[in-house]
Amino acid sequence: MDHTFKKEKCSVCEKLLESSCEQPVDLELSLPDYCSDIERILKCRICPGVTSKSITGDRLDVDGSVTVRLYYLDSKKQAVRLCAHTIPFSCSFELKNPGSGCAARVKLRSGYLNCRALSPRKLDIHGAFSVIASVYRQGEKEYCSDLEGGDIRQLTHNERISTLAGVSSQQFSLSEVLDIGKGKGTPESILRSELTISADESRAIENKLMLKGEAVLKVLYITDIETGAQDMMSFNIPVSQIIDVPGITESTINDISVDVMSYDISLRSEYDESSTLITLDAKLSAVVFAYEEKELTVIDDAYSTEYELDTTLRGESFDRVADICQMDKSISCVLTAEGRDITRVCDIWCENISSIADTDPSKPSVRGKLELCMLALDGEGVPFCAEKAVDFSFDLPAGDHCGKLTIEPEIKAGNISFRITDDNSVEAKAGLKLCAVIHESCVKRCLVGARANEDKPREKDRTAAVTLYYADGGEKLWDIARQYCTSVEAVKLENGLTEDIIEARSMILIPMQ
């Protein structure tokens, strides 16, 4: 006879997709007529952005554009010039049984890039970037929590898990008109820009999450096309948004990521030569996972007091969000210009941040690498670029982990400060912000099946109310009770015991139920 289990259903986060797609960038780029000839290539960059991501049926579609930005030295004016060329891209990822309520995270990562001048006005460019996509949904998992039957005795324990209360992916826009002000030079052309966003404050109410944060836009621009003179401006833009997250409450643990998908900036000076206004249009994406802590009762073992019991054990996974770490760190390095004097630093920025997690439970950490890039002027006022790869690491709190860890780090660059230390070197400090979600997974063998063999009744002494048993120190009451077809609770009550293990060799009374 098969015994029936009571089962507890729990909402869990299921990863439907973890994949990447490489997008090639191959083109022959001819400079527009308004661009001057190339004397020397300073830097060439691939800047991809996502304009939309959507799940339709069994497919995730990603659309965007990639801009190739060529920084070069003007052969006549010896000034920095920019030539930008934008091409669209699109890619799709197949999903298996996506269902409803899915959330997609899309990251873009620049790959290799080769840029070669064929002539002063033509370039051969070959490179690639990757579209990295993850898709999640709210699934369901059952755990056996109780075995029915009056003759059944169970050995149970409690496990902590994180159930997924809700998941949401929402896109929203940020549009601003920003004023450089009269104290700065009037912008005539934008050389480089960078938009970052952080959401440091959040408040959850029923089914909604209110986000507050800040977007930082840094702009390096040309104030005089003839001479190539430059200036820089930074804007701090407050951001607030309400995200619909079905299932989120004030008590949930929330994993929140807000990213810049793509953005465009333009100068109002294109229409008014005296304008100091910049227009920003950005597409942002917020992905939210809301978790609830829960304690489950699971069955380790069972026996029947009446019949021999055939049991089935299976390894069950118990997952929880162990921690969400947010840390700030400053890294330093020295950028040098061999054979050149440095008279002015125009701009320093971070590129190509990569990271990997060490999931050792005793000392979890995140380490990675980034590139620091510098645009500066030499002793003759001629612009040049210098780069350096810099290593970094974060030591995460060890905590009280007993299972396998999975760490999902996200690192963003913050403020960068610098000083010229001598004629040909610059000391730079870059601030990094880490958000790492630590998941812990434990696999325990649990009872998932039980069948009473009614042809094999258990033998027990029915002529006495109690029997004497000489127990050794360290023996488990569970094993003793199983042997005598009684229960642990009955043995404890008969002998006034409180622990599940016999401390020292002693005589105990076994009630014969």
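The values are calculated or read from the model by the stated rules, or taken from the named source; none is laboratory data. Since the model is a prediction, treat every value here as computed from it, not as a measurement. No Cβ is skipped: glycine too gets one built from the backbone with ideal geometry, and neighbour counts run over all protein chains shown. For the accessible areas, the whole protein counts, side chains as well, though only heavy atoms, and no ligand, DNA or RNA atoms are used. Shrake-Rupley method; radii C 1.70, N 1.55, O 1.52, S 1.80 Å.
Observations, loosely collected:
- Working from the Cα coordinates of region 83-222, the gyration tensor eigenvalues give, after taking √(5λ), semi-axes of 51, 25, 13 Å in decreasing order.
- Legend: distances between Cα atoms for K9/K412; K388/K412; K107/K212; K122/K184; K208/K404; pairs beyond 26 Å are K9/K412; K122/K184; K208/K404.
- Average Cα contact separation per residue, region 198-279, under 8 Å, 6 or more apart, as relative contact order %: 28
- Per-residue 3J(HN,Hα) values for region 411-426, derived from phi via the Karplus relation 6.51 cos²θ - 1.76 cosθ + 1.60 with θ = phi - 60°, read 10, 10, 7, x, 5, 10, 10, 7, 8, 7, 8, 7, 4, 10, 8, 10 Hz in sequence order (x marks Gly and Pro).
- Remark on D146: its backbone amide H falls under 5 Å from those of K6, a criterion applied only to residues 5 or more positions apart or on other chains, H modelled at 1.01 Å from N.
- For Kirkwood radius over Cα pairs in Å, calculated from these coordinates, the label among (i) 24.7; (ii) 23.6; (iii) 27.8: (iii)
- Angstrom value of the Kirkwood radius, inverse mean 1/r, which spans all Cα pairs in region 469-513: 10.2
- Average Cα contact separation per residue, the chain, under 8 Å, 6 or more apart, as relative contact order %: 14
- With all projection directions averaged, the alpha carbon convex hull of region 231-295 covers 6.8 nm².
- The residues packed around K404, meaning those with a beta-carbon under 10 Å from its beta-carbon, carry a net charge of -2 if Lys and Arg are +1 and Asp and Glu are -1.
- Ordering of 250-257, 163-170, 412-419 by burial proxy (mean other Cβ atoms within 10 Å per residue, highest first): 163-170, 250-257, 412-419
- Accessible area, probe 1.4 Å, largest first, for residues H439, H126: H126, H439
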